[in-house]
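Readers should treat all values here as calculations from the given coordinates under stated rules, not as data from a laboratory. This structure is a prediction, so every number in the text was calculated from the model and none was measured. Neighbour counts run over all protein chains shown; Cβ positions are idealised from the backbone, glycine included.
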Amino acid sequence: MIQISFPDGAVKEFESGITAIEIAKSISHGLAKKVLAAKVNGEVWESTRPITTDSTLQLLTWEDKEGENTFWHSSAHLLAEAIEAIYPGAKFGIGPAIEKGFYYDIDFGEHTLSENDFSKIEKKMKELAQQKNQFIRKEISKADAIKYFNEKGDEYKLELIEDLEDGNITFYEQGNFVDLCRGPHLANTGSIKAIKIMSLAGAFWRGDESRKQLTRVYGITFPKQTMLDEYLIMLEEAKKRDHRKLGAELDLFAFSDKVGAGLPLWLPKGTQLRNNLEKFLTDKQIEAGYTPVVTPHIGKKELYITSGHYEKYGEDSFQPIKTPREGEEFLLKPMNCPHHCEIYKIGPKSYKDLPLRLAEFGTVYRYEQSGELHGLSRVRGFTQDDAHIFCTPDQVKEEFNKVIDLVILVLEKLGFEEYSAQISLRDPDNKEKYIGSSENWDRAENAIKESAEEKGLKTVIELGEAAFYGPKLDFMVKDAIGRSWQLGTIQVDYSLPERFELEYIGADNEKHRPVMIHRAPFGSFERFISLLIENTAGNFPTWLAPTQVIILPIIDQFSEYAEKVKIELKNNDIRCKLDNRNEKIGRKIRDAEVGKIPYMVIIGEKEIENNTISVRKHGEGDLGELTLNHFIDTLFKEVN
Ligand SMILES: [Zn+2]
Ligand SMILES: [Zn+2]
């Protein structure tokens, strides 16, 4: 008999050689149907692989990333099987699961695959899936593995085998297809119900431009047709909401080749939006006890050698700036933390000065690979809503509570209602690889877990995911079309206080090291605004909209009255514009709708006569005739 421990702490006895799927069946058949794979002693396995030692067991379903990955990776095998059946002689590179779906890199020889072939491949995959072919795992010697692919004539697999150690090689077989693979996979192909080939791309073998270009076939699969349908609708919607497209349409930001890739130019409307966010956060941070600071965009190379950032970013990022002075070098700052550590060091600190919360909208520069650049969400220069909290070890929990409160306030104010937290802790079997005392780590890890629990956050705990210098909490948010994003990190750091030799005098009159907490609720303005655009589809809430009201006189003669309305609105701090163009009112309304301006004020003869305005709300339609004061009151209530 062996003992199986479950995630909830329960321990049950089973016969040695039992499989995860059999264990799931012993719990309930409903559960067994959902099981895609299993995590045995921390390693993802087939649900059909026999367990022969006392083990921890987590059953993986579609709800778990690893379950999803297993499903998609198994689908890559199914794709290859279908392709081999349709295009005999095709040779296969690698076929991993990706964030959404999977791909396989394939050498089709003489044939050039096109979109017209997709439905044929999908049909074959469905046919093969319905055969419910088992994924059969076989351990194989290196010699036999080489022999097999030599006979098959697949030089790509042969090259992959070369790098593997004998005794460590497995083949997986489903139906008529055999692949070199570590696994794991689904029990059989039967659970793959909905299949879509998405796109093609060229991919150099092993990412090496001097080698052959293979065809990368992207696909996605689901256990249910409805899930695929919903996914495709979501993709359509995502295309409409793409922040790069809306950013251009709404005149928010632009890029220029001459300025440089990945270096956004904020246009007047985008700048207004960004300033509104900045003001909102500044006010909230000051209420929460933060002290704003400003530090330069550059710092001496030695600063980043001390902080360790030179080692991390130096070689692969922007290179040092030289000065007329021999040997003097500066770096564009990749992080604000070193500057803040230097601020901490100005003047002696006592425990009474702590916590010290230094906040800065600090612009940092990192040389992302050009292939990685993406609109505002991956850039080379960006402004973090950064802050560093320096505190005593026993203040960590309270500071975490406060930061969580602030992040939740920000997320909810900006319309992100669904969020959860991911907590990254030490690897319990490898505690010595982390910097800082074990006692402080225990304290901080417990503090984070307790804070998250007290705040009622839905949390996932990731063991072994902590940085070597401290545990952290990441906020995950769901956007309006169901996509998940990582935002708002709160990171404990034991390393920088050490490197910068930060100290405070404790109540015991002795010197102590403070703990440092890095936190950024938005992450960066750039990334956050990209997300905000996609979440709202460009329909920003009125308090945030660059222009809140547009005034549309029906004809030119009404401009004087319109001008008076504008002045009155401006005097009430309402961001408004007057559309004085010599255009038909229908056209002006349409343009205002396209510009997604929350309110339109329409002025015609009747309004002038009654000393009123007519108001239309974007996306909602006519609000009717109002006095200007009534409108101002309504707006005031909405934005405050
Ligand atoms: Zn595989
Ligand atoms: Zn930092």
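Taking the number of other C-beta atoms within 10 Å as the exposure measure, put 396, 178 in order starting with the fewest. Spell out each step's value before the answer.
Numbers: 396 25, 178 21.
Ranking 396, 178 by Cβ neighbours within 10 Å, fewest first, gives 178, 396.
Between residue 143 and residue 342, what is the spin-label point distance in nm, taking each point 7 Å from the Cα along the Cα→C-beta axis?
6.5 nm
How long are the semi-axes of the equivalent ellipsoid of region 98-140, defined as square roots of 5 times the Cα gyration tensor eigenvalues? Whole Å, largest first.
23, 16, 13
Which of 639, 615 comes first, and how do the rest follow, when ranked by fewest Cβ neighbours within 10 Å?
On the way: 639 15, 615 20.
Lowest count first: 639, 615.
Between residue 433 and residue 204, what FRET efficiency comes out of the Förster formula 1/(1 + (r/R0)^6) with R0 = 41 Å and r the beta carbon distance, rounded to 0.05? Please list the in-between numbers first.
Working: r = 35 Å, r/R0 = 0.86.
Taking R0 as 41 Å, the efficiency between residue 204 and residue 433 is 0.70.
Please list log₁₀ I(q)/I(0) at q = 0.11, 0.15, 0.18, 0.23 Å⁻¹ for region 502-600, using the Debye equation with identical point scatterers on the alpha-carbon positions.
-0.52, -0.73, -0.91, -1.15
In bins 10 Å wide, starting from 0, what share of all Cα pairs of region 179-309 does each bin hold, as a percent?
Final binned percentages: 8, 15, 22, 24, 21, 9, 0.
How many nm is it between the label spots at residue 29 and residue 620, if each spot is 7 Å from the Cα in line with the beta carbon?
Between residue 29 and residue 620, the label points sit 5.3 nm apart.
Tally Lys and Arg at +1 and Asp and Glu at -1 over the other residues with C-beta under 9 Å from the C-beta of residue 219: what net charge comes out? If you can, show how the numbers build up before the last one.
Details: positive: 196; negative: 122.
Residues close to residue 219 contribute a combined charge of 0.
Please quote Rg/Rh for the chain to two decimal places, taking the Kirkwood radius as Rh and restricting both calculations to Cα atoms. Could you put the intermediate results ahead of the total?
Numbers: Rg = 29.6 Å, Rh = 28.9 Å.
Result for the chain is an Rg/Rh of 1.02.
Rounded to the nearest 0.05, what FRET efficiency is calculated for residue 213 and residue 159 with R0 set to 22 Å and r the Cβ-Cβ distance? Don't skip to the answer; put the middle values down first.
Details: r = 16 Å, r/R0 = 0.71.
Calculated transfer efficiency: 0.90.
When only DSSP loop residues count, what GluC sites (Glu not before Pro) in region 611-640 have their Cβ near at most 11 other Cβ atoms within 10 Å?
Numbers: sites: 620, 625, 638; in loops: 620.
Counting only loop positions with at most 11 other Cβ atoms within 10 Å, the GluC sites (Glu not before Pro) in region 611-640 are 620.
Give the angle, between 0 and 90 degrees and rounded to the nearest 10, that separates the Cα long axis of helix 118-130 from the longest principal axis of the Cα atoms of the chain.
Tilt of helix 118-130: around 50 degrees.
Fully extended, how many nm does the chain gain between residue 567 and residue 638 (0.36 nm per residue separation, minus their Cα-Cα distance)?
Details: separation 71, 0.36 × 71 = 25.56 nm, distance 2.02 nm.
Here the segment from residue 567 to residue 638 would lengthen by 23.5 nm.
Please turn the phi angles of region 282-299 into ³J(HN,Hα) values with the Karplus equation 6.51 cos²θ - 1.76 cosθ + 1.60 (θ = phi - 60°), one per residue in order, whole Hz, x for glycine and proline.
Calculated HN-Hα couplings, in order: 4, 4, 5, 6, 5, 4, 8, x, 8, 10, x, 9, 10, 10, x, 6, 10, x Hz.
So what does log10 I(q)/I(0) come out to for region 1-151 at q = 0.09, 0.12, 0.13, 0.21 Å⁻¹, using the Debye formula with one equal point on every Cα and no solvent?
Debye curve over Cα of region 1-151, log10 I(q)/I(0) at q = 0.09, 0.12, 0.13, 0.21 Å⁻¹: -0.39, -0.65, -0.74, -1.32.
Starting from the Kirkwood Rh over alpha-carbon pairs, what translational D in µm² s⁻¹ does region 131-244 have by Stokes-Einstein at 37 °C and 0.692 mPa s?
On the way: Rh = 17.1 Å.
For the chosen part, D equals 192 µm²/s.
Whole-Å semi-axes of region 261-316's equivalent ellipsoid, largest first, each the root of 5 times a Cα gyration tensor eigenvalue?
Working: eigenvalues 171, 80, 16 Å².
So the equivalent ellipsoid measures 29, 20, 9 Å along its semi-axes.
Arrange the peptides 569-579, 491-501 so that the one whose residues have, on average, the most other Cβ atoms within 10 Å appears first.
Numbers: 569-579: 16.5, 491-501: 19.7.
Ranked from most to least packed, the peptides come out as 491-501, 569-579.
For region 1-87, run through the GluC sites (Glu not before Pro) and keep only the ones in DSSP coil with at most 12 other Cβ atoms within 10 Å of their Cβ.
Numbers: sites: 13, 15, 22, 43, 46, 63, 66, 68, 81, 84; in loops: 15, 46, 63.
Those that pass, being in a loop and sparsely packed, are 15, 63.
Express in whole angstrom the spacing between the alpha-carbon centres of region 169-214 and region 271-341.
Cα centroid of region 169-214 versus Cα centroid of region 271-341: 43 Å apart.
Ranked highest first by average number of other Cβ atoms within 10 Å, how do 464-474, 521-531 line up?
Values: 464-474: 19.6, 521-531: 24.1.
Order by mean packing, descending: 521-531, 464-474.
DSSP loop (so not H, G, I, E, B), at most 12 other Cβ within 10 Å: list which GluC sites (Glu not before Pro) in region 387-446 pass both filters.
Details: sites: 398, 399, 412, 417, 418, 432, 439, 445; in loops: 417, 418.
Counting only loop positions with at most 12 other Cβ atoms within 10 Å, the GluC sites (Glu not before Pro) in region 387-446 are 417.
Which FRET efficiency, nearest 0.05, do residue 465 and residue 249 yield, Cβ-Cβ r, R0 25 Å?
Details: r = 39 Å, r/R0 = 1.55.
About 0.05, to the nearest 0.05.
Quickly work out the residue 15-to-residue 450 label distance, labels modelled 7 Å from Cα along the C-beta direction, and quote it in nm with one decimal.
For the pair residue 450/residue 15, the computed spacing is 4.8 nm.
Using only the Cα atoms of region 449-513, build the gyration tensor, take square roots of its eigenvalues as a ≥ b ≥ c, and label the shape rounded, prolate or oblate: rounded if a/c is under 1.5, else prolate if a/b is larger than b/c, else oblate. All intermediate terms of the calculation are to be shown ahead of the outcome.
Working: a/c = 3.02, a/b = 2.27, b/c = 1.33.
The shape class here is prolate.
For region 295-409, what does the equivalent ellipsoid look like in terms of its semi-axes, each the square root of 5 times an eigenvalue of the Cα gyration tensor, given largest first in whole Å? Let's see the in-between values first.
Working: eigenvalues 166, 88, 22 Å².
Working through the eigenvalues yields semi-axes of 29, 21, 11 Å.
Please work out the Cα convex hull volume for region 410-546 and give it in Å³ per residue. Walk me through the intermediate numbers first.
Values: hull volume 20.5 nm³, N = 137.
Considering the Cα atoms of region 410-546, their hull volume per residue is 150 Å³.
Starting from the Cα of residue 442, step 7 Å toward the Cβ, then list every residue of region 377-413 with an amide N under 20 Å from that point.
392-398
Could you work out the Kirkwood radius for region 140-203, taking every pair of different alpha carbons, averaging 1/r and inverting it, reported in Å? Mind showing how you got there, number by number?
Details: mean 1/r = 0.0727 Å⁻¹.
It works out to 13.8 Å.
What is the chain's relative contact order, in percent, from Cα pairs under 8 angstrom and six or more apart in sequence? If you can, show how the numbers build up before the last one.
Working: 1161 pairs, mean separation 54.1, N = 640.
Once normalised by length, the contact order is 8 percent.
Name the lysines eligible as straight-distance cross-link partners of residue 39: C-alpha to C-alpha under 20 Å, and not fewer than 8 places from it in the same chain.
Within the straight-line limit of under 20 Å, residue 39 reaches these lysines: 12, 25, 65, 138.
Expressed as a rounded percentage, what relative contact order does region 117-181 have, with Cα pairs under 8 Å and six or more residues apart?
Values: 60 pairs, mean separation 24.5, N = 65.
Relative CO of region 117-181 lands at 38 percent.
Sticking to Cα atoms, compute the Rg of region 579-631 to one decimal and its Dmax as the biggest Cα-Cα distance, whole number, in Å.
11.2, 30
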